[in-house]
Amino acid sequence: MTTMANWKNVNNWHWTEKNCAPWAKEYFTRELKDLEAQENGITVKTTAVSKVTGDVDLNQRKGKIITLYDLSLTLDWSGTSEDGTEAKGKILIPEVAHDSELDDYVFEVSIDEETREKRVIKEVVRLKLTQVIRKKLALFTHDLIEAHAKDVYIEAAELRTSSPAPVAPAVTEAPVKASLSNSATENKSAVNKPHKVNTTTMKDTIEFVASAHDIYETLLDQNRVSVWTRGSAKISKEINSQFELFGGNISGQIIEAVQDKRIVMKWRSKTWPEDHYSKVTIELDQGSDGVKLQLVQEGVPLGQEDITRGNWKQYYWNPIKTTFGFGAFI
């Protein structure tokens, strides 16, 4: 059953939900087709999404957007090697769930009429193509919220205007003209005013087997950042300097940098509403066995806190730990 938000759901207190399974099937059929990977002269790609089963719901309770989904996906693939050998088969992803880590997803790759030559192509699917698919799956929660949040969550402006407006008393002609003039000015301001983004605050604690100086430099030194992001990075320790990581997917501005102690920055993901930034405060607490990093991120778009926490883990903390030997995966 689908329950839509309405003006009686004051302050988004009551539970509302929407069945998004039909949309999810269309989404995966579109987004997971024609994904491609190459290795040693072998090209492989997904050719179709042949099966999508399971449940997908978007819920809202007490102003918090909640995604609940548990799906099984089957994809068709094909590949060609340099010598002209062709192969095809299927990729089964038995569980794509809201509470699973991306690294936990299982890809069961099968091949039609397997031979030694075709097995080499299958390995490229298993090692390379599945990674491309994994990156696409990482976008699902965000895209689900983006497409359907308006059906379960009422914006503050709508809550204010949904109730019947009171009838104004009769006034003389002069005040009416003044009122119209003021109204026009207000409407003009409203048009120019950016859309309000409902936000929340995310907090996390990460421990590193390193010194506070190591982590401070690793987060702000351009050469070190380029190593753990595995790409070109633009960043510096200068106050008010701009930074750009992961090909522009993460960008912002350094607001404060206290050596080995604190980093404060404006920070945004490319997938967030245009021109919306959060405030990230990182405190480094040096201990006898390592350093504890305290992260507070204010202004995270509502419903994005779990995704954002996961992205910090997947694209910042784990690569830093494995690249420099600062601790185990988290």
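Whether a residue is in contact with a helix residue (DSSP H, G or I) (Cβ under 8 Å, 6 or more places away or on another chain), open to solvent by less than 80 Å² (accessible area, probe 1.4 Å) and farther than 17 Å from residue 318 by Cβ was assessed, and residue 252 does not pass this test. Taken across the stretch 310-325, residues that are part of a loop (DSSP other than H, G, I, E, B) and at pLDDT below 95 do occur, with at least one present. Among the residues of this structure, residue 304 counts as one that is within 24 Å of residue 147 (Cα to Cα) and either open to solvent by 80 Å² or more (accessible area, probe 1.4 Å) or touching a Ser or Thr at 6+ places or on another chain (Cβ under 9 Å) (or both). Test residue 236 against the stated conditions and say whether it is modelled with pLDDT of 90 or more and either assigned to a loop (DSSP other than H, G, I, E, B) or of a type in the set (Val, Ile, Thr) (or both). Considered against the rule, which asks whether it is modelled with pLDDT of 90 or more and either assigned to a loop (DSSP other than H, G, I, E, B) or of a type in the set (Val, Ile, Thr) (or both), residue 236 comes out as yes.
Checking the stated criteria, residue 213 turns out not to satisfy the condition of being part of a helix (DSSP H, G or I), open to solvent by less than 70 Å² (accessible area, probe 1.4 Å), at pLDDT 50 or above and not polar (S, T, N, Q). Residue check: residue 243 meets all listed conditions (1) under 30 Å from residue 65 (Cβ atoms); (2) at pLDDT below 95; (3) touching a strand residue (DSSP E or B) at 6+ places or on another chain (Cβ under 7 Å) but one, namely (2).
Restricted to helices (runs of 4 or more DSSP H) entirely inside the stretch 102-202, those with at least 2 residues that are open to solvent by less than 80 Å² (accessible area, probe 1.4 Å) and at pLDDT 50 or above are 116-124, 130-137, 140-152.
The numbered conditions (1) buried (at least 20 other Cβ atoms within 10 Å of the Cβ); (2) in contact with a helix residue (DSSP H, G or I) (Cβ under 8 Å, 6 or more places away or on another chain); (3) in a strand (DSSP E or B) are all true for residue 295 except (1).
For first residues located in the stretch 289-318 and farther than 20 Å from residue 252 by Cβ, partners that are in a helix (DSSP H, G or I) and modelled with pLDDT of 90 or more and lie 6+ apart or on another chain with Cβ distances below 6 Å form the pairs 291/212; 291/215.
Looking at the structure I just gave you, is residue 85 more than 24 Å from residue 202 (Cβ to Cβ) and in contact with a strand residue (DSSP E or B) (Cβ under 7 Å, 6 or more places away or on another chain)? Here the answer is no, as residue 85 does not meet what is asked. When the criteria are applied in full, residue 58 meets the requirement of being of a type outside the set (Ser, Thr, Tyr), modelled with pLDDT under 95 and part of a strand (DSSP E or B).
The values are calculated or read from the model by the stated rules, or taken from the named source; none is laboratory data. None of the values given here were measured: they were computed from a predicted structure. Glycine gets a Cβ as well: all are built from the backbone with ideal geometry, and neighbour counts include every protein chain shown. Ligands, DNA and RNA are stripped out before the accessible areas are found, and what is left, the full protein with its side chains, is counted by its heavy atoms. Shrake-Rupley method; radii C 1.70, N 1.55, O 1.52, S 1.80 Å.
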